[in-house]
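What follows is a single structure, written as structure tokens, with notes after it.
A short reminder: the numbers here are calculations on the coordinates, not readings from a lab. What you see is a predicted model; the values in this text were computed from it and never measured. FYI the Cβ positions are ideal-geometry reconstructions off the backbone, even for glycines, and counts take in every protein chain you see.
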Amino acid sequence: MIKNIKVPLLEIRNLHANINDNKILKGVNLSIYEGEVHAIMGINGSGKSTLSKVIAGHPSYNIIKGEILFQGKDISNLDPDLRSHLGLFLAFQYPVEIAGLDNQEFLEAIYNAKRLSMNLPKVNPLFFYELLRKKLKMVKLDESFISRNVNEGFSGGEKKRNEILQFALLDSQLGILDETDSGLDIDALKSISETINTIIKTENKSIILITHYKRLLEYIKPDFIHVMDDGQIIKTGDSNIANLLEEKGYDWIKNITR
Ligand code: ADP
Ligand code: MG
């Protein structure tokens, strides 16, 4: 009899990583299953963005020890594009503006690159346009944004929406959203949270939400909250941790865990 043993979508084991010989990640362990929402909180400089970039395969970081498994497969040595084709998506904390690159051409290129990786032919441009229109509606971005250069002159909120648009378009299984809430006013925050909730609920995606603030987690309810400090996850719990952090600060958690 074959037992149905569930493999985590993402499993990080004792991950240590450096940049320019500086140790940043010092033994991270994390397991995420399909459909789960995990929040990672922690003070500035605790290693949250580094963790997300190491998971996505940013070339500036070196893995010293440990492994990253995606759908049970070790991806620690894979190039970022291959990780993306497997279903991993990272929305940057600071999305870059790319002068001279048309947003629609860019989106069509990443969509087709993923299809090619699955041995599927390029999509018909008209079909792509229809698909893109649907996704634009979902992320509440006006159609005019696809004829502009990638992120050029976009407001903070529009850049974040353009990241979510890529996530929705690529239909990635795991989205790592690095401070998607930063720089957004309350209405924009509420609105982008609704979009993310729609993606989670209708498509059973898994999400890692990196955030400083409890406010985002009032709109998107995480199954787990992890607190990062000095390159490690020092506490994991339910959404109540966010309340305690807001009330008592990060020092309190450090004191009870160290
Ligand atoms: P967080 O996202 O939690 O604010 P980061 O992952 O951005 O933290 O940064 C973690 C630590 O890594 C910080 O001390 C930061 O200064 C350091 N760091 C990040 N990038 C570099 C780099 N390119 N060179 C040296 N140190 C870096
Ligand atoms: Mg960061």
- request: Identify the single condition in (1) out of contact with any strand residue (DSSP E or B) (no Cβ under 8 Å at 6 or more places or on another chain); (2) on the phi > 0 side of the Ramachandran plot; (3) buried (at least 19 other Cβ atoms within 10 Å of the Cβ) that S84 does not satisfy, given that it satisfies every other one.
  value: (2)
- prompt: Mind checking which pairs have a first residue in the stretch 18-46 that is free of Cβ contacts under 8 Å to residues at least 24 places away in the same chain and a second that is away from ligand 2 (no atom under 16 Å from the Cβ) and part of a strand (DSSP E or B), Cβ under 6 Å, 6 or more apart or different chains?
  reply: S31/E11
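Go over the candidates I12, I64, I55 one by one and state the one that is surrounded by 20 or more Cβ atoms within 10 Å (Cβ to Cβ) and more than 16 Å from ligand 2 (Cβ to nearest atom). Please lay out each step first, then the result.
Numbers: I64 fails: surrounded by 20 or more Cβ atoms within 10 Å (Cβ to Cβ); I55 fails: more than 16 Å from ligand 2 (Cβ to nearest atom).
Result of the check over I12, I64, I55: I12.
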message: Show me the helices (runs of 4 or more DSSP H) entirely contained within the stretch 22-136 in which 2 or more residues are within 16 Å of ligand 1 (Cβ to nearest atom) and of a type outside the set (D, E).
response: 48-56
